[in-house]
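Some notes on the structure that comes next.
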C-alpha cells in the first residue's frame, strides 16, 4: 500500500502516520518528493485497512499495490483451473484449461415434456451441459416465478436421460440444500453476485458454481465475489460474463468481451460467456458467441427453446434448436484455430439413444 | 401496448398477429402507415406479455404504454404517501408529505458504548431516526461482517434510551424474523434491491422498509422492486437514492439527484437520499445533503462517527457529530424555503436527558 | 509518479528502469516490499511520461501523484477565481467567489422579435446574462442548424437594449473571429469539450469562456480541457455541468451535482449548472436548479421560451417566463442560506424601461 | 410517430392535437384505450418534429417508429456497401461485403524513418492500409500534438513506396483541404464524432471516411453522424467501433462488440474495430481483434510500433511487428471459418520489393 500525504504535511503529522502504520507490525518507507511525501507500506497489505489510512487527517490518497483477492488470483495460483463436472452415467465434463463447454437449455423449465425435448435436441447439437430455471428472478412480482422443486426434478431426469450434467440458479440461502440435492452445478445470477450470504452458502457445498457477473460489477468486484466462494473451501468456480449496464440501449446489456482476457490475466479461474442474456435478441446471439470463443472464453451458455413465441420467459432471446446446431458447428471451427475443443460428456458405458442422435451432428 | 410490424408485413401475418392478440381477450386496433403497420392493443396490458409479442415473427418493436408497476405508481395512488414510524416512548416520526427525516448513525455498530454515544449526539443535533449496521455487506470476505444479533440489541437499547426509532439492514431471508424483533424499519441495501425473495419477506411484515436503489438500477426497476414489497400488503415503503455506477471515478458513485423529482412525478412513495455512500468522502456529504433537500427529497440518511479514523468500516465518509449538527442547521433553513420541516420524535412523556441535551441545539 | 514492478522483477531490470528514470533528470527512490518493488519518482512529473514508463517491460502500474492540470488546479491558485463580464451600458456581472449568475434565454435565436421579447422577460425575472444559439449542434443533419451571424446581431442588440452581457456557442474554429465580434462570453458545448483546436482558439481571445462538460468526460478530463484554454493566456474560464451519459434513461442525461463540490475542491474556477439540457424536461428544471445552488454552484444556465410548443429546438425543456420568475425567487432564498447573492448587471446610468419592469420583480 | 396522451385528456384537447398534426399534412389515426388515448401519425415522419409534439400540453410520450437516419439505414439501401480505396501503384483495397481490411501503423508519425520502417513491416505481415497520426488529439495541452503537414508527407511517401493506401485523422475544418491532398482516407476521431461542421466538410470531399464512434455515443447517434457525411454526397463511410465509456476501469474503454452485428442489422455500411484504443494495453489487443472478426467486423485498425517504450504517444498499446504478424495469421484463419478474406492491395504492375518481402508472410 502506498500512502500519499496532502501537500504541506509537517514533520509531526508524517511521524504520527508512520507510527500508526508501524504499530500494526508493518514497515513504513518514507519518500519525500518535491511536491508530496509518500509512504510505502511494506508487509502484508491485509493487516492494515485502506479505509483506516484514508481516514487519517493529512492523507490524500491510499493506493493498494496488491489485488484485494487472493485465492482467485493468478499470482496465488499460476496454472489455469480446470473444473471437472461428473456426468450422469459416468465420465466428466471439463471446463477450463483448453476444454470448452457449451451450456444450453430453456430459460425456465416450463413443463416436463419441454425440458426433455430440448435436452435431447441440444445434446444432439453438441451441448455438454443442460441449463434450466426452476427459481426465476423476475423484475416484476406479477411475472412467472418458476416451478420450484418440481422443475428441479424434471431437469434432473432430463440430465440423467441424456447423460448431461445440469445447472440451475439458486436465489435464496434457504434453497441451497434443496437445489444441491438435484443439481450438478449451482448458478449464481447477476442480481445475486453480491448476495454475500448466498455466496458463503454455495461455498460450503462441494459442487461447482457458475458465478455470473453483476450488471454493475467491476471485474475486481466480481473476483472478490468469487473469493467469497473460494474462501469457504469450494475451489470449483466458473465465472460467467453476461453483459453490463451502460448508456447503450440498442440491446439489453453491453457484453464486455474484454473481460475475458482481463480475467484470464488476473485469475486462474475459467470464464464463460452468456450472449443470450447480454443481447436479449436471438438474432445477435451467434455473432456474440463466436466473438466470445475467439476472445478466449472457456465456453458459452445460451438459451434454446423449440417454440420461443410460447416461452414463459425470455422468448425473444432463445435460439431455435437448428440455429444452435449451426452455431455449434462454427464455434468448433473457431475453437480449432486455437487448438481448443468443446467438451462432450464422455460416458464409460454406451448410451444408445443419445449417441444415435448425436452421431451425425457432432 | 403498441406493436410495430417489420416493413413489408403481408396481410396474412397481420391477421395472424391480430388473432393472437384477440385470443387473449384484448382488442387489436390496426393502423396502416406509409412505412409500417402498427397495432394498438386495447385492454389491460398485463394480460399479454411484451416478450411474447416480441417473439412473434414479423414484429419489430413492442412499446408498452402503461408503467409496469401499479401499486407504486402515482396514477394508482394520487396523494403522497406519508410513512409513520412509531417512536419508542410514544409519538411517531413521519416521512413524506412535507415531513422530512434525518436518519443518522454509525456505519456498523462496533460496540455498545459507541452506539449509545453516537445516538445521543445525533439526537441532540436533530436526527429523528438512528441507523446502525448489524449485518454488513462487504466486498471482501475477509472484512468485518458485523456483530449480528448482539449489535441489534445495542441499537434497540440506544433507540429506546434516546426515543428514536431505529433502522438496520437485513441481507438474508433467514434473518428477517430476527431483525423484525428489534428494528422499527428494515433497510434493504443497494446490493439486494433485486433479491426478490428478500423483498417478498419484508413485504410480508408490517414494518416500514427503506429500499435503496441498486447501483445499476433504472428508476423503473427500482419502482418494480418497491412493487414487490407493496404487492405483499406492506405499503410503508421509503425509497432511498444512494448513487449509481457511472464512468466518473472521482467519487465512489454518482448521486443521481434527478431521481428525486422523477420518482415524485411517477410515484407517491417518499424518497430520501444517502450522500454518505454516494460520495464515500466526508468532505462532500454536506453539499450533497443540501442539494438533496433542495431537490425535494423527503429526508437524508448519513453516517456519523465520533472517531472515524478508528471506524471498522467506511470511516472516510463518516461525519463528525459537530459537522452533522452544523449541516442540520442549514438543512432546516433550506427546507424552510419550501415550507417543509424536519420531523422530530414527539414524545408523549418528557424524556429528561435527551430533551436536556437537545433543547438548545434544535 | 510511482512505478510498481511486476512480481519477480530481478535486480538487472530494476537497475535498468532506475537508469532510464534518472536519465531524464529525476531521482528514483527504491522500496522493496515483500511482494513488489516500488520506485518513487521524485521531481517534476511532467518530465517523464506515464505512458513511456508503462511501456517498459517489467512495469506493472504507474501511478501519478500530481494532477495532470496545473493552471486549473487549486494547488496552483488557492483563491476562488471570479470572472467579471463587462455589461453593455456599463458595470459588470460577476461569476464566482460568492457571486451567482442566472443565465437564461432561448435555445435558438429564432427571429429578432422573439429574442428581444424573451430578453426583456428574463431580465425582469432576474437573469443577469442572456443566452441564445446562432450556430446549433444538432444530432440530425436535417434539423434546423441555426441562423448564424444574423442571429448573433439579434442577440447583441437584445443584450444592449436590456443591458445584459450575452453568451452564445461557437462550434467551429473558422467562426471564432466572427462570434468574438458580437458576444461577451463564448460557450463551448459538451460535444466540443475535446475539440482541442477550438479550445486553443478561444484561449487566444480575451473573452470569458463557459466550458460545458462533455457527456462522457470525467471531471479530470474536463479540467484538462479548461487547461487548454488557460494555457493560451485566457484565465476567464467558467465550467458548466450539464449532465453525463449513464444507463438511466428517465431523463436525457444524468446531472452530476457531485461535480460541483468536487470541482471546487480541485480547482479555483467557477462552476455553473445547466439543468435544462441535463433533464430535457421542463417539469424537472426548477428542482435541479435549486439542488445546483444548494450544492454550491456559482450559477445556473436555463432555457426560457415564451411559446415552447412552437420552439425550433428543445421546446420540451424550455421554461415559461413566469416559471422562471418563480424559480428565481426560490433560488435567491436558497442562496441566502449560504450568504451568497445573484449578480445583477449594475448599470452606471439609469436604464428606464428595464429598471421599471424589473423593479417589483427582484 | 405515435403520440400517447396523458390520462384524462378530454375531447377538446384530443381534437386540438389532431388538428395540429393534420395541419402539417399528415393523417392522425385515433385509438382510445381503456387507460390512454393514442394517436398514430401516418405519413412522412420528418414533416413533424418529435420535440414539437412533446411540447404540446397533454402529450405524455412521443414514440418514433422510423429510424431518424435514412441514407445510412439498411431499409433505404439493402445491400452491403463495399468501399473501394484506390491503391498507390494501381489496384484497390476493398472494405465491406466480405472483404476485410487490416489497417495498421504507428499512433503518431514520429519521424520519416520510423514511418517507412513500420510501413514495410506491417505490409509484410499482411496489413492492407497504413495508418499514422499527423494531427493528434491529446487530453493535455502540454503533450505532443503531432508533426502536422510534414508528417502527412512522410505517410504519403511510405504509402506510395509500399503500395498501401493511407489513413490519417483530421481534427479541424481548417485542415480538411490540406489533409485531402495527402491522404486516401480521412479518419474522424471519437472526440469529433459530433463535430458536425467537420462531418459536413469531409462529406463534401470524395474520399472515404472512417468514422470512429464517440465514447458516449449510442449506435443511433453514430449512424446519425454518418448521415451527416452521407447527406453531402460522400457515400464512402466506414464505421469504426473503438470502445465506450462505462464504469469498468480495468481497461481504458469497454469495447462494444455487440455494436458490430447491431450496426450490420440497421445499416449497410462497413464496420471495423480498433482494439488498440479500446483496451490501451498491448497484451489484450489480439484477443479483442479475434473477437471482432468473429463477431462479423469488416476489418481491424491497430497500432504497431517497433520500439513502443520510446513511442511519443500510446506506447503501451502498440503491438510489436512480430506480434502483429502472428495475430494476422490467426485472424485469417477465423475469417476463413466464415468464408471471408482479408483484402490485399492488388497491384496491376508487379511491385518487386513488397512482393518479395511479403511472399512468405501472407
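Can you name the chain B residue with its Cβ nearest the rotation axis from B to A, and give the distance in Å as a whole number?
Value returned for chain B: B:216, 2.
Kindly give the distances from residue B:249 to its copy-mates, label point to label point, with each label point 7 Å from Cα along Cα→Cβ, as nm values to one decimal ordered shortest first.
In ascending order, 0.3, 2.8, 2.8 nm.
In what sequence, highest mean first, do D:263-271, A:122-130, B:11-19 appear when ranked by Cβ atoms within 10 angstrom? All intermediate terms of the calculation are to be shown ahead of the outcome.
On the way: D:263-271: 23.0, A:122-130: 26.0, B:11-19: 14.1.
Order by mean packing, descending: A:122-130, D:263-271, B:11-19.
Gaussian network model of chain D, Cα springs within a sub-10 Å range: biggest mean-square fluctuation belongs to which of D:41, D:285, D:170?
Comparing D:41, D:285, D:170 in the GNM, the peak value goes to D:41.
What distance in nm separates the two pseudo spin-label positions at residue B:15 and residue A:307, each 7 Å out from Cα along the beta-carbon direction?
Output for this residue pair reads 2.3 nm.
Rounded to the nearest 0.05, what FRET efficiency do residue A:57 and residue C:60 give with R0 = 35 Å and r taken as the Cβ-Cβ distance? Could you check?
Values: r = 31 Å, r/R0 = 0.88.
Plugging the Cβ-Cβ distance into 1/(1 + (r/R0)^6) gives 0.70.
In Å and from the alpha-carbon atoms only, list the Rg and Dmax of the protein assembly as shown.
31.7, 103
Against the longest principal axis of chain B, how steep is helix B:149-161, in degrees 0 to 90 to the nearest 10, with axes from Cα atoms?
Tilt relative to chain B: about 70 degrees.
Can you say what percent of the DSSP beta bridges in the protein assembly as shown, counting only those with both residues inside, are antiparallel? Round to 5.
Details: 80 of 188 bridges.
Beta bridges within the protein assembly as shown, antiparallel portion: roughly 45 percent.
Would you mind getting me the FRET efficiency between residue A:322 and residue D:78? Use the beta-carbon distance for r and R0 = 25 Å, nearest 0.05. Walk me through the intermediate numbers first.
Details: r = 25 Å, r/R0 = 1.00.
For R0 = 25 Å, the calculated efficiency reads 0.50.
Find every distance from the label point of residue C:265 to the corresponding label point in the other copies (7 Å from Cα along Cα→Cβ) and write them in nm, one decimal, shortest first.
Ordered by increasing distance: 2.9, 3.0, 4.2 nm.
Distance between Cα centroids, segment A:157-174 to segment C:181-258: provide it in whole Å.
54 Å
On C-alpha positions alone, give me the angle between the axis of helix C:219-230 and the longest principal axis of chain C, in degrees, nearest 10.
80 degrees
What FRET efficiency comes out for residue D:232 versus residue D:149 if R0 is 25 angstrom and r is the Cβ-Cβ distance? Round to the nearest 0.05. Before the final figure, lay out the partial values.
Details: r = 25 Å, r/R0 = 0.98.
So, using R0 = 25 Å, E works out to roughly 0.55.
Taking chain D as the reference, fit the longest principal axis to its C-alpha atoms, fit the long axis of helix D:321-337 to the helix C-alpha atoms, and give the angle between the two in degrees, 0 to 90, nearest 10.
So the inclination is approximately 50 degrees.
Could you work out the mean count of beta carbons from other protein chains within 10 Å of each residue's beta carbon in D:29-41? Spell out each step's value before the answer.
Values: counts 7, 3, 11, 3, 13, 7, 7, 4, 0, 8, 1, 9, 2.
Mean number of neighbouring Cβ atoms from other chains: 6.
Counting only DSSP beta bridges with both residues in segment C:83-358, what percent are antiparallel, rounded to the nearest 5? Don't skip to the end; give the middle numbers.
Values: 6 of 33 bridges.
Bridges in segment C:83-358 are about 20 percent antiparallel.
Which part of segment A:245-285 falls in the paramagnetic zone of residue D:249, meaning amide N under 17 Å from the point 7 Å along Cα-to-beta-carbon?
Flagged as within label range: none.
Once the label point is set 7 Å along the Cα-to-beta-carbon vector, what list of distances in nm do you get between residue B:307 and its counterparts in the other copies?
Residue B:307 label point versus its equivalents elsewhere: 5.9, 6.8, 7.0 nm.
Bear in mind that the values in this text are calculations on the coordinates, not laboratory data. Everything quoted here is computed from the prediction, not taken from an experiment. Don't worry about glycine lacking a Cβ; one is built from the backbone with ideal geometry, like all the others, and counts go over all protein chains shown.
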